Amino acid sequence: MNAESLKGHMDMLVLSVVARGPLHGYGVIDALRERSDGSFDLAEGTVYPVLHRLERAGLLTHAWSESTGRRRKLYRLTPAGTARLREQQSRWREFVDAVESVIGGRAWPAMA
């Protein structure tokens, strides 16, 4: 799947993988690829600008770590990032339910 298809969803996807624990940029890329069974095999040039934007917005913070002589930024969610992720997940579920009601023929909103 190409990055263009994910426009508008990258924030939620990146916040979701970082929510599981601190990750460096390549770790975010790997987690997206692994958790999507390879569907989200994204380039650095797609993911790093998202990380930087989310950090500027106060949704992520970073700490430096050193591994094998290399310094890396480890990103983690801020409390604001956790709140934004919950909000985005809720909106995503509503969207999916509405789309499913259109293409799948079930009533919306979904009744549990």
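Each reported figure results from applying straightforward, stated rules to the coordinates on display, with no laboratory input. Nothing here was measured: the structure is a model prediction, and the numbers come from that model. Every residue, glycine as well, gets a Cβ built from its backbone with ideal geometry; the counts of neighbours run over all protein chains shown.
Numbers at a glance
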{"quantity": "Cβ-based exposure ranking for Ser67, Ser39, Ser16, in which fewest neighbours within 10 Å come first", "calculated": "Ser67, Ser39, Ser16"}
{"quantity": "The chain, helix-only ellipticity at 222 nm - DSSP H runs n ≥ 4, -39,500 (n - 2.57), divided by all residues, nearest 500", "calculated": "-17500 deg cm²/dmol"}
{"quantity": "Longest exposed-site-free window of the chain, the sites being trypsin sites (Lys or Arg not before Pro) in a DSSP loop that have at most 12 other C-beta atoms within 10 Å", "calculated": "21-105"}
{"quantity": "Cut-off under 5 Å, modelled amide H: who pairs with Leu60 long-range", "calculated": "Glu55, Thr78"}
{"quantity": "His24 long-range amide H proximity, modeled H, under 5 Å", "calculated": "Tyr75"}
{"quantity": "Shape box of segment 3-78 [Cα atoms, principal axes, largest first, Å]", "calculated": "35, 27, 22"}
